[in-house]
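Below is the structure I would like to discuss, written out as structure tokens.
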Amino acid sequence: MKIVRVALDVPLEESFDFRVPEEADPAIGSLVVVPFGRQRKVGVVVARAARSAVPVERLKAIERVVDDVPPLAERDLDLFGFCAAYYQRPLGEVIAASLPPRLRQASRRPIPPLAAAPVPVDAASAPPALTAAQERALEACRAGREGFHPVLLHGVTGSGKTEVYLRLIADTLERGRQALFLVPEIGLTPQLEGQVRGRFPGAQVASAHSHMGAGERAQAWLAAQSGAARIVLGTRLAVLMPFHDLGLVIADEEHDPSYKQQEGLRYSARDVAVRRAQRLGIPIVLGSATPSLESYANARDGRYTLAELPERAVPGAAMPAVRTIDTRADRPREGLSDALVRALAQRRALGEQALVFVNRRGFSPVLFCRACAWHSTCGRCAANLVLHMKAHELRCHHCGHRERVPAACPSCGAAELAPVGQGTQRVEEALRAALPDARIARVDRDSTARKGSLAGVLDGFRAGEVDVLVGTQMLAKGHDYPRLTLVGVLDSDSALFSADFRAAERLHAQLVQVSGRAGRGERPGEVLIQTDFPAHPLYAAVASHDYARFAAEALAERRVAGFPPFAHLALLRAEAKKAGEPQAFLREAARIARGLKARVEVFDPVAAPLERKAGYERAQLLVRSASRAALQPFLREWRARLAARAGRSVRWSLDVDPQEV
Ligand code: ADP
Ligand code: ZN
Ligand code: ZN
């Protein structure tokens with residue numbers, strides 16, 4: 001009898017044994033449809049077995065081999081195996097994270113091949129002559145034509161990193177190999193897609209991100225696997241796609257937190273990309289104006305090659321002048337200081353554009369009763385409900401709960417309910433009042449929930465149909481607007497005092513990135529940061545454009561505190577409906593962890609930053625080790641013990657290299 005082991009996306013460690021019908025002979029890596037309980041599931045054959053622990057009469061047969069998807073190659077299975085082991089998740093879950101939803105369906109229609117997309121006419125252009133700095137950076141990247149060669153491309157905003165990537169892609173295509181170009185959020189880079197297609201009109205370019213149609217995503221996946229797609233441009237999920245012959249990986253904006261998946265398989269696409277390149281023996285370029293401290297330390301210590309672009313590429317474009325507005329003296333009204341309003345009016349008069357950046361980590365507007373201090377909170381989460389004025393609703397940003405805005409205070413009946421805190425909507429309205437003749441548009445999760453609406457607003461801005469764009473961190477990413485000369489920053493102070501050890505790094509990156517939007521053309525740019533702490537070193541670091549100094553200081557602090565990259569972390573999260581249960585589970589987990597006697601420090605359980613979410617109480621337990629080699633086997637053992645012990649009422653998961661602790 002033929003028996004195969006099949007990895008399935010079920011929350012259990014093991015793969016499952018199935019009988020193979022006489023006439024079938026699935027190769028390792030084949031997709032198969034199997035019966036599973038009352039369902040049918042798509043799994044992947046990971047091994048052949050001589051016998052099974054399951055008695056023959058109970059062994060079910062695979063239903064069929066999926067014949068329109070070629071088997072996964074050994075190198076792809078190797079990557080999935082690595083991810084499963086590293087992130088402490090079942091192999092089937094990793095494979096499911098790679099497979100687009102359509103290919104996970106037990107019955108579906110055949111998938112037609114990806115059609116070549118027409119090249120946008122305006123984008124087809126000859127490459128510019130490289131600047132001397134680009135020339136040097138390119139040489140540093142090319143030094144590793146053969147073999148694993150990780151490069152950190154640290155280039156200030158507007159320094160022309162994209163041009164360096166495009167040249168490297170050209171090299172790769174010339175050698176007949178495929179290139180993977182990762183970006184944090186593809187919805188924000190329609191320009192990039194046009195640029196890539198325009199530069200390589202003869203090459204099939206496949207996009208891969210979660211906002212695509214199910215059919216398109218399956219097509220892109222198959223095109224990457226067969227090698228038909230020469231370039232794959234995608235978000236983090238693209239790092240798990242199969243490739244026929246991958247020859248180059250680029251991760252742009254490598255510092256961006258969206259590279260880390262925050263649920264299920266909590267992988268970092270940037271880190272997986274590096275491991276993938278290492279396992280394949282190919283070059284990888286990580287690019288950023290504000291590299292993550294992890295990557296920067298790797299470059300500083302010689303594990304990565306450091307390539308730098310210290311100046312803007314466009315002749316005459318200088319870095320913007322960054323200044324603070326002391327909001328202790330110039331008190332903002334509705335979020336706006338007089339100095340900022342004056343500056344906005346001036347730019348408007350000159351026919352230049354401005355961007356007002358509202359830090360999401362600042363306050364969202366909460367409905368508040370002046371009479372009794374009641375404020376709007378979510379009944380299911382330990383969080384405030386946020387006022388959405390246009391929809392006339394209160395919404396929970398954590399569980400999605402919505403309710404109508406009450407006419408009077410639910411607690412004391414007073415009619416005097418007023419919003420506190422600045423959301424983008426309130427700032428937008430305040431701007432309309434302060435600059436009545438300016439054309440103002442807003443970009444945030446609400447205003448751009450509809451597919452394509454973000455691109456629409458940004459195109460309008462680029463076309464000069466908008467004078468002032470208001471928005472959240474979505475604006476901080478790599479857009480290029482030559483007429484944008486002023487950036488105003490509101491509400492960034494709260495992040496200065498966050499308990500999260502990465503808060504300063506994040507805020508610095510965000511401010512540098514958003515500042516980087518200003519003055520990319522010939523007109524000089526200016527950045528005005530409203531703050532109660534104008535002397536804070538973090539703002540001084542942004543103003544000095546001295547990333548190296550900021551990084552050196554931040555790394556010194558990390559070393560003293562024992563945080564990454566000088567230590568490795570994992571977080572055990574637990575949640576349960578019943579109060580006290582997550583904490584009790586974590587106390588037991590801590591006891592088990594300490595009993596394992598590994599070179600791992602076990603902290604005490606604490607409440608999660610959001611203590612209650614959608615009716616679940618949440619807590620977490622941090623473990624830390626100076627040694628990755630000690631941490632990984634410890635995690636494996638710990639997870640096995642926890643799995644054996646946990647009751648059904650507590651949901652728990654491990655987060656290896658957590659982003660937020
Ligand atoms: P980054 O990604 O480093 O922020 P971009 O790649 O967006 O920067 O480039 C910034 C601007 O510089 C773009 O408008 C780009 O067209 C321009 N640019 C890039 N390289 C050159 C070059 N060699 N000569 C002239 N302009 C360039
Ligand atoms: Zn009240
Ligand atoms: Zn809620």
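The values are calculated or read from the model by the stated rules, or taken from the named source; none is laboratory data. In this text, all values refer to a predicted model and were calculated from it rather than measured experimentally. Here Cβ is always computed from backbone atoms with ideal geometry, including for glycine, and neighbour counts include all displayed protein chains. All accessible areas refer to the heavy atoms of the entire protein, side chains included, with ligands and DNA or RNA removed. Shrake-Rupley method; radii C 1.70, N 1.55, O 1.52, S 1.80 Å.
Collect the residues in segment 387-422 that are buried (at least 18 other Cβ atoms within 10 Å of the Cβ), more than 14 Å from ligand 2 (Cβ to nearest atom) and modelled with pLDDT of 85 or more, keeping them in residue-number order.
Leu394, Arg395, Cys396
Can you tell me which residues in segment 114-151 are at pLDDT 80 or above and among the charged types (D, E, K, R)?
In the first step, residues of segment 114-151 are kept if they are at pLDDT 80 or above; the result is 114-115, 127-143, 147-151.
Selection gives Glu135, Arg136, Glu139, Arg142.
Hey, another quick one. Which residue pairs have Cβ atoms under 8 Å apart, sit 6 or more places apart or on different chains, and have a first residue in segment 157-176 that is at positive phi and a second that is among the acidic types (Asp, Glu) and more than 16 Å from ligand 3 (Cβ to nearest atom)?
Gly158/Asp480; Gly176/Asp245
Further, regarding this structure: Residues that are of a type in the set (Ser, Thr, Tyr), within 19 Å of the chain's Cα centre (by Cα) and open to solvent by 10 Å² or more (accessible area, probe 1.4 Å): does segment 207-216 have at least one? Write out each step before concluding.
Going through segment 207-216, the residues of a type in the set (Ser, Thr, Tyr) turn out to be 207, 210.
Next, only the ones that are within 19 Å of the chain's Cα centre (by Cα) stay: 207, 210.
After this cut, where a residue has to be open to solvent by 10 Å² or more (accessible area, probe 1.4 Å) as well, the list is 207, 210.
The answer is yes; a qualifying residue exists.
For segment 521-533, what are the residues that are open to solvent by less than 40 Å² (accessible area, probe 1.4 Å) and not aliphatic (A, V, I, L, M)? Quick ask: steps written out before the conclusion?
Of the residues in segment 521-533, the ones open to solvent by less than 40 Å² (accessible area, probe 1.4 Å) are 521, 525-531.
Gly521, Gly525, Glu526, Gln530, Thr531 - these are the residues of segment 521-533 that are open to solvent by less than 40 Å² (accessible area, probe 1.4 Å) and not aliphatic (A, V, I, L, M).
Another one. Please verify whether Gln219 is open to solvent by 30 Å² or more (accessible area, probe 1.4 Å) and in contact (Cβ under 8 Å) with a residue 12 or more places away in the chain, treating the condition exactly as stated.
Values: open to solvent by 30 Å² or more (accessible area, probe 1.4 Å): yes; in contact (Cβ under 8 Å) with a residue 12 or more places away in the chain: yes.
Criteria met by Gln219.
Starting from residues that are of a type in the set (Phe, Trp, Tyr) and either more than 28 Å from the chain's Cα centre (by Cα) or within 16 Å of ligand 3 (Cβ to nearest atom) (or both), keep the ones in segment 577-624 and report whichever is most open to solvent (accessible area, probe 1.4 Å). Show your work before the answer.
First pass over segment 577-624, keeping only residues of a type in the set (Phe, Trp, Tyr): 585, 603, 616.
Then drop every residue that is not either more than 28 Å from the chain's Cα centre (by Cα) or within 16 Å of ligand 3 (Cβ to nearest atom) (or both), which leaves 585, 616.
Numbers: Phe585: 25, Tyr616: 43 Å².
By that ranking, first place goes to Tyr616.
Hey, any hits in segment 341-360 for a residue that's polar (S, T, N, Q), buried (at least 21 other Cβ atoms within 10 Å of the Cβ), away from ligand 2 (no atom under 16 Å from the Cβ) and within 26 Å of Ala289 (Cβ to Cβ)? Talk me through it step by step, then tell me what you get.
Looking only at segment 341-360, we keep the residues that are polar (S, T, N, Q), and these are 346, 353, 359.
If we keep only those that are buried (at least 21 other Cβ atoms within 10 Å of the Cβ) as well, we get 353, 359.
From what's left, away from ligand 2 (no atom under 16 Å from the Cβ): 353, 359.
Checking the rest, the ones that are also within 26 Å of Ala289 (Cβ to Cβ) come to 353, 359.
Looking for residues that are polar (S, T, N, Q), buried (at least 21 other Cβ atoms within 10 Å of the Cβ), away from ligand 2 (no atom under 16 Å from the Cβ) and within 26 Å of Ala289 (Cβ to Cβ), one finds at least one in segment 341-360, hence yes.
Quick one: which residue in Glu526, Glu557 is acidic (Asp, Glu) and closer than 18 Å to Leu475 by Cα?
Details: Glu557 fails: closer than 18 Å to Leu475 by Cα.
Exactly one residue qualifies, and that residue is Glu526.
Another question, then. Report, by residue number, each residue of segment 158-178 that is in a helix (DSSP H, G or I) and more than 15 Å from Gly198 (Cα to Cα). Please lay out each step first, then the result.
Taking segment 158-178 first, the residues in a helix (DSSP H, G or I) are 161-174.
Across segment 158-178, the qualifying residues are Lys161, Val164, Leu168, Asp171, Thr172, Glu174.
Okay, moving on. Return the residues of segment 34-80 that are assigned to a helix (DSSP H, G or I) and touching a residue at least 12 places away in the same chain (Cβ under 8 Å); say none if nothing qualifies. Spell out the reasoning first.
Initially, segment 34-80 is screened for residues assigned to a helix (DSSP H, G or I), giving 56-58, 74-80.
Scanning segment 34-80 gives Val56, Glu74, Arg75, Asp76, Leu77, Asp78, Leu79, Phe80.
Can you name the residue in segment 625-650 that is closer than 17 Å to Tyr87 by Cβ and open to solvent by 40 Å² or more (accessible area, probe 1.4 Å) and, of all such residues, is farthest from ligand 3 (Cβ to nearest atom)?
Selected residue: Ala629.
Within segment 247-259, track down each residue that is open to solvent by less than 10 Å² (accessible area, probe 1.4 Å) and either within 14 Å of Arg276 (Cα to Cα) or in a loop (DSSP other than H, G, I, E, B) (or both). Please lay out each step first, then the result.
Kept after step one, since they are open to solvent by less than 10 Å² (accessible area, probe 1.4 Å), are these residues of segment 247-259: 247-251, 254, 259.
Within segment 247-259, Gly247, Leu248, Val249, Ile250, Ala251, Glu254 meet the criteria.
Looking only at segment 349-400, which residues are over 28 Å from Glu660 (Cα atoms) and among the aromatic types (Phe, Trp, Tyr)?
Matches in segment 349-400: Phe368, Trp374.
Does Ala297 qualify as being part of a helix (DSSP H, G or I) and surrounded by fewer than 23 Cβ atoms within 10 Å (Cβ to Cβ)?
Answer is yes for this residue.
Please work out if Gly379 is surrounded by fewer than 18 Cβ atoms within 10 Å (Cβ to Cβ), within 16 Å of ligand 3 (Cβ to nearest atom) and either without any contact (Cβ under 8 Å) to a residue 60 or more places away in the chain or under 24 Å from Arg520 (Cβ atoms) (or both). Talk me through it step by step, then tell me what you get.
Values: surrounded by fewer than 18 Cβ atoms within 10 Å (Cβ to Cβ): yes; within 16 Å of ligand 3 (Cβ to nearest atom): yes; either without any contact (Cβ under 8 Å) to a residue 60 or more places away in the chain or under 24 Å from Arg520 (Cβ atoms) (or both): yes.
Answer is yes for this residue.
Would you check if there is a residue in segment 105-113 being modelled with pLDDT of 95 or more and either under 19 Å from Ala228 (Cα atoms) or touching a helix residue (DSSP H, G or I) at 6+ places or on another chain (Cβ under 8 Å) (or both)?
No, because not a single residue in segment 105-113 is modelled with pLDDT of 95 or more and either under 19 Å from Ala228 (Cα atoms) or touching a helix residue (DSSP H, G or I) at 6+ places or on another chain (Cβ under 8 Å) (or both).
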